[in-house]
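A.B. asks: First the structure, which I've put down as structure tokens, then a few questions once you've had a look.
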């Protein structure tokens, strides 16, 4: 069993747990969730895509308010959170193309946040 298959299995176990928890909290969902166990992961995938897409709305609104192109810090947080959720979904699907893209993306977003905080820290010490 390779590493991606192992991670996929672990993610699936987490999704099954989440599925069971939702059934306990919302028992009326039981018939649907038992017939469509993949629904939880598909919902998580769409959630990640929504987080990822929201970053552009945040950037657009910030730029409109500033009257110039700006990238607010929230853009990077939404990028990381959406990227991590999409990476989780991609690992579950064992899709190497999306895994590669999201892995590199999450690293770049985290690195940008590092630069932002380093600049703020250096600016405060001046």
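The values are calculated or read from the model by the stated rules, or taken from the named source; none is laboratory data. If you're wondering where the values come from, they're calculated on a predicted model, not measured in any experiment. Here Cβ is always computed from backbone atoms with ideal geometry, including for glycine, and neighbour counts include all displayed protein chains.
A.B. asks: What do you reckon, is residue 111 modelled with pLDDT of 95 or more and either over 25 Å from residue 10 (Cα atoms) or touching a helix residue (DSSP H, G or I) at 6+ places or on another chain (Cβ under 9 Å) (or both)?
C.D. replies: Spelling it out, residue 111 is indeed modelled with pLDDT of 95 or more and either over 25 Å from residue 10 (Cα atoms) or touching a helix residue (DSSP H, G or I) at 6+ places or on another chain (Cβ under 9 Å) (or both).
A.B. asks: Also: Would you call residue 117 surrounded by fewer than 12 Cβ atoms within 10 Å (Cβ to Cβ) and farther than 20 Å from residue 2 by Cα?
C.D. replies: Answer is yes for this residue.
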